[in-house]
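Comments concern the structure below.
The values are calculated or read from the model by the stated rules, or taken from the named source; none is laboratory data. What you see is a predicted model; the values in this text were computed from it and never measured. Backbone-built Cβ (ideal geometry, glycine too); neighbour counts: all protein chains shown.
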């Protein structure tokens, strides 16, 4: 490996008042859930996304679990999900006894292939869960039209796509619900955290109860009931207000963060275009209908062995690049609890070929130059 310091795949950074707000949460004497900063985050998302309700959660995983409960998805129900996604997308519904039906992805955007949806729908289908991969929107017009025709819910996994748009409409605002991630690898972060975005106002009251261990505690603190008790199923999905303070400080600088990431993404695209054409490598595809979230820059390598050599070469030059999801349909658990009627050959191929480059708000020009030079110096003919 190069004697120079390793350039990591991801590096969280401070953008403003993160430490101040975390400290203030502690000094306020309220670092449990739903304090001052949690409320500020809720108000921010409700204003920016125009949703009926936004609720911070301890993770995007927990937001997905809440969506499964709110959607009344239970034993024997089927949920259509892409095979190319993180396990949380599927686990949330499997925990409720549902059967994941794996859909293959499009070879261009790596998003769920909406052209296969009709063939996967059965009388047991309850929901479609599109994942906006790399913050590039799925074909939501067609997905929503199919869902409406078959009376199915659309629950968006928008872990990658905060502030991204499809046909000028924000991702996360199409389905009855959507989930967000604030894991340290995401554009806006608090280390671990998430949010449930509720677009159907009829679900808002119950969502509060589920998030508060199945109690009407939130109503009690608003003075709407004179005592609170156990009224529904639920769990403890509230993050600490200290984490919410960190998150709100990031949200205050969201425009700056997005602008930095956009500049890095565009520089990669401009610097690597000619090299990619010569090496037989494909750069990310963003349809004209989409405004991406600048979440990820990836390369589609010619094959698995090429990618293995490429990652090794970059590591030797002091650059940490990584691959991504393994196909869920062919995983041990996926084969046990789910099914893939059409198979997922594109997922399998892309999983073997994709590699992600370092991209974070504080990646300096000098560091990015090192990444680019390391790529251009790779012997792709070897």
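Of all the criteria given as (1) in contact with a strand residue (DSSP E or B) (Cβ under 9 Å, 6 or more places away or on another chain); (2) under 21 Å from residue 257 (Cβ atoms), the one not satisfied by residue 99 is (2). Between a residue in region 214-230 that is under 20 Å from residue 66 (Cβ atoms) and outside the structural domain of residue 33 (by TED's automatic domain parsing) and any residue that is part of a strand (DSSP E or B) and modelled with pLDDT of 85 or more, which pairs come within a Cβ distance under 7 Å, given they are 6 or more apart or on different chains? Listed pairs, sorted by first residue: none to list.
State which residue is surrounded by the fewest Cβ atoms within 10 Å (Cβ to Cβ) when the search covers only region 54-95 and only residues that are over 19 Å from the mean Cα position of the chain (by Cα) and within 21 Å of residue 181 (Cα to Cα). It comes out as 95. Does at least one position in region 184-199 carry a residue that is over 27 Å from residue 246 (Cβ atoms), in contact (Cβ under 8 Å) with a residue 24 or more places away in the chain and outside any strand (DSSP E or B)? No, region 184-199 contains no residue that is over 27 Å from residue 246 (Cβ atoms), in contact (Cβ under 8 Å) with a residue 24 or more places away in the chain and outside any strand (DSSP E or B). Among the residues of region 166-183, those that are part of a loop (DSSP other than H, G, I, E, B) and either within 12 Å of the chain's Cα centre (by Cα) or within 22 Å of residue 22 (Cα to Cα) (or both) comprise 171, 172, 182.
Inside region 325-348, residues that are in contact (Cβ under 8 Å) with a residue 24 or more places away in the chain and farther than 17 Å from residue 80 by Cα make up a count of 2.
Against the list (1) more than 25 Å from residue 50 (Cα to Cα); (2) out of contact with any helix residue (DSSP H, G or I) (no Cβ under 8 Å at 6 or more places or on another chain), the condition residue 199 fails is (1).
Residue by residue, here is whether (1) surrounded by fewer than 20 Cβ atoms within 10 Å (Cβ to Cβ); (2) assigned to a helix (DSSP H, G or I); (3) not assigned by TED's automatic domain parsing to the domain that holds residue 259 holds:
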{"site": "308", "(1), (2), (3)": "yes, yes, no"}
{"site": "315", "(1), (2), (3)": "yes, yes, no"}
{"site": "329", "(1), (2), (3)": "no, no, no"}
{"site": "362", "(1), (2), (3)": "yes, no, no"}
{"site": "381", "(1), (2), (3)": "yes, no, yes"}
